[in-house]
Amino acid sequence: MTTQPTNDPSVTDRRLLSTQAYGTGQHLAARQSLYQWQTPRHDLPGLVVAELAGIRGSVVDVGCGNGKFVQRIRDERPDLTVLPMDISPGILTGIAGAVAADAQQLPIADGVLGGVLAMHMLYHVEDQARAVRELSRVLTPGGIAIASTNSRTDKRELEDLWRRAAGDVLGIPEGPARVQLSARFTLEEAPAILATAFEDVRTIPLPGVIEVTDPTPVVAHLSSYEAWADQMGVPFKETVERARERVEETIQAEGAFGVTCLGGILVCR
C-alpha cells in the first residue's frame with residue numbers, strides 16, 4: 001500500500017528551520033547538487049534573470065538560502081540592487097548585505113521594489129496567504145514576483161525508495177513516507193495561492209530525468225533531510241544506509257538509478 005505524502009507541521013517550525021535545517025548551507029547544497037545529473041539541465045538562476053529583463057531598481061530574494069540566485073543577478077544585472085533575505089541568520093554568512101527577516105512580515109515599505117523572489121521557500125511559511133500578500137505589497141506597479149516549487153509528482157522514485165528502505169529497516173513491506181517539503185505548496189496548488197494577491201500568474205514547468213551510476217548523490221539528497229529525522233517514524237541513518245544498498249542494487253542490475261523530476265517557476269504580476 002502506498003503511504004500518502006506527509007505534510008508535517010515541522011516543515012514550518014521557525015526554530016528548526018533556522019538551526020538544524022538551514023543553520024548552514026550544507027543540507028540545501030546537497031539537495032541542489034542532485035540536479036547536476038538531470039537531463040535536460042534547467043538553469044533556474046538564468047531563467048530568473050531573463051524574467052527580470054524589464055525590471056529596474058531593487059529586487060529582494062526572500063528565503064535566499066545560500067545566495068545562489070542573489071549572486072547570479074548581481075553578476076548579470078549589476079544595475080539592480082539585490083537584497084538577500086532569509087529567516088536563518090546562519091545561512092546568510094558571507095552574503096553581502098543580507099538581512100534576517102520573516103516572509104510573513106517583510107521589513108520593506110509599500111510599493112518600492114521592482115521584483116521579489118520566493119524560490120523554493122513558500123512551503124516553509126506557516127501563513128502562506130499572508131506571505132503572498134507581503135510579496136505583492138512591496139512591489140511597484142508593474143513589478144514582478146517569481147516563485148518556484150515542485151510538483152506533487154516530483155521525484156516519486158525517491159519517495160518509493162525511502163518507503164521501501166524504511167520497510168526493510170522496520171521489517172515490514174513498506175515504511176512511512178518521509179517528510180516532503182513541497183507538499184504544502186505544490187506546483188499544482190501554487191497558482192491558486194498566488195492568485196489571491198496577483199492578477200496574472202504564469203507557470204513555467206521544468207521537467208527532467210536524473211540518472212546516476214553512483215549512489216552518492218542520492219544518498220546525499222536523502223541525508224539532507226536529517227533535520228526532520230525525528231518526524232520520519234523510522235531510524236533515519238539506518239534507512240539512508242539501506243537506501244544506498246537498494247540504489248547500488250538497481251545500478252548493478254540496470255546500469256543506472258533514475259528519478260523523474262517536475263519543478264517549475266511561477267511568474268506573478
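Rule-based calculations on the coordinates, nothing more; no lab input. Only a predicted model underlies this, so the values are computations on that prediction, with no experimental measurement involved. Quick reminder, even Gly has a Cβ in these numbers, built from the backbone with ideal geometry, and neighbours come from all protein chains shown.
Here the residues MET232, MET121, ranked from fewest to most Cβ neighbours within 10 Å of their Cβ, fall in the order MET232, MET121. Cα centroids of region 90-145 and region 207-269: 30 Å apart. Ranked for footprinting exposure by Cβ neighbours inside 10 Å, fewest first, ARG15, ARG242 give ARG15, ARG242. The slack in the chain from GLU238 to GLN104, taken as 0.36 nm per residue of separation less the alpha-carbon distance, amounts to 44.5 nm. Placing unit charges on the Cβ atoms only, positive for Lys and Arg and negative for Asp and Glu, gives region 207-250 a dipole magnitude near 100 debye about its Cα centre.
Fully extending the segment from VAL112 to ARG14, taken as 0.36 nm per residue of separation minus the present Cα-Cα distance, adds 32.6 nm. Panel order for LYS237, LYS68, by other beta carbons found within 10 Å of each beta carbon, from fewest to most: LYS237, LYS68. The mean sequence distance of close C-alpha pairs (under 8 Å, at least 6 residues apart), as a share of the length of region 9-268, puts its relative contact order at 22 percent. Every helix of 4 or more DSSP H residues in the chain counts as -39500 (n - 2.57), and over all residues that averages to -9000 deg cm²/dmol at 222 nm.
With Cα atoms as the point set, the radius of gyration and Dmax of region 9-268 evaluate to 18.7, 58 Å. One compactness figure for region 1-93 is 1.29, namely its Cα radius of gyration divided by 2.2 N^0.38 Å. Each peptide in 247-255, 171-179, 92-100 was scored by the mean count of other Cβ atoms within 10 Å over its residues; highest first, the order is 171-179, 92-100, 247-255. Projecting the Cα atoms of GLN105, VAL201, PRO45 onto the charge dipole of the chain (Cβ charges, centred on the Cα centre) puts GLN105 farthest toward the positive pole. Summing +1 for each Lys or Arg and -1 for each Asp or Glu, what net charge is found among the other residues whose Cβ lies under 13 Å from the Cβ of LEU266? Neighbour charge sum, excluding LEU266 itself: -2. Peptides 258-265, 58-65, 132-139 ordered by packing proxy, namely the average of other Cβ atoms within 10 Å per residue, highest first: 58-65, 132-139, 258-265. Which residues does a label at THR39 reach in region 203-244, if reach means a backbone N under 17 Å from a point 7 Å past the Cα toward the Cβ? Zone members listed by number: 207-214.
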